[in-house]
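Have a look at the structure below before the remarks.
A short reminder: the numbers here are calculations on the coordinates, not readings from a lab. Everything numeric in this text was worked out from a predicted model, so none of it was measured. So basically every Cβ, Gly included, is an ideal-geometry build from the backbone, and we count neighbours across all protein chains shown.
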Amino acid sequence: MGILKSARRKPQPPQNDSETLSFAAEIPVGENQPLWKIELQMHSEPQADGERVRLRAHLQTNLGSALRPALQAGKAQTPRHEALPHEEAKPARGLRLAQRTGAAVQELSRRALEVPLLRRLAEPLLQLDFNTWIEIQASTASLDAGASSLLPQSERLAALGIRPRAAGEQPLTETWAGETPDGVAQLSVLQLDRRHLPAQLLKLLGDRPFGLAATVVNTVQKKR
């Protein structure tokens with residue numbers, strides 16, 4: 001499993017004047033999934049009379065599918081990884097640091113589990129994987145429906161029977177939660193329009209419109 005941090009700026013063709021920036025980092029442990037991983041992507045592009053920015057993030061903590069198998073395998077070992085392409089092989093120091101961090105976490109966890117009380121408290125957590133997906137879209141374009149038109153993956157939400165209300169005089173936050181076949185999931189939605197911003201931000205915006213919509217999805221999965 002190739003593990004490393006990466007940050008890449010991907011300018012798009014000049015005719016559409018858009019740009020994408022991505023970043024990823026993870027801490028390896030054992031031979032399966034990484035113990036911890038984060039992926040970020042930001043994309044900006046012109047939109048009508050303004051600009052649209054989209055930020056996506058995925059954070060995962062794999063206690064059940066990574067740390068538990070590594071502890072069951074015994075002594076902490078430096079994870080093996082696939083060879084990295086030449087252009088990604090430069091930050092070797094960051095890779096070694098991630099490997100050492102993963103091995104240290106594994107060894108500290110093993111020692112902690114030798115304490116009976118800590119083991120009883122930790123065993124339920126060591127069956128779980130945690131994931132968080134965040135998507136934020138903001139725009140300074142004139143939008144008839146305001147922040148509602150920026151709501152990420154609105155069609156997919158509608159297919160699940162989730163139809164967020166339009167923001168009123170106050171910022172709108174809504175949350176849904178339920179069970180899944182292997183755990184639980186929670187969805188939260190935030191909508192902000194220009195009228196919801198504090199005076200300091202309105203001054204910076206000037207006469208430009210503003211809208212922001214965000215979704216946050218949290219899942220907890222039980223691993224067998």
Practice item. Work out, step by step, the length gained on full extension between L202 and L160: first 0.36 nm times the residue separation, then minus their alpha carbon distance; give nm to one decimal. Key: 11.6 nm
Check your understanding: So what is Rg over Rh here for the range 113-161, counting just Cα atoms and using Kirkwood for Rh?
Key -> 1.39
Exercise for review: Please list 197-210, 97-110 highest first by mean number of surrounding beta-carbon atoms within 10 Å per residue.
Suggested key: 97-110, 197-210
Review point. Where a Cα-Cα gap under 16 Å defines reach, which aspartates and glutamates qualify for K37, not counting those fewer than 8 residues away within the same chain?
Key: E26, D129
**Study point:** In Hz, Karplus ³J(HN,Hα) per residue of the range 136-146 (6.51, -1.76, 1.60; θ = phi - 60°; x = Gly, Pro)
**Key:** 10, 10, 10, 8, 10, 8, 6, 10, 4, 8, x
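When only DSSP loop residues count, what GluC sites (Glu not before Pro) in the range 141-224 have their Cβ near at most 14 other Cβ atoms within 10 Å?
Numbers: sites: E155, E169, E174, E179; in loops: E169.
In loop regions of the range 141-224 (DSSP not H, G, I, E or B), the sparsely surrounded GluC sites (Glu not before Pro) are E169.
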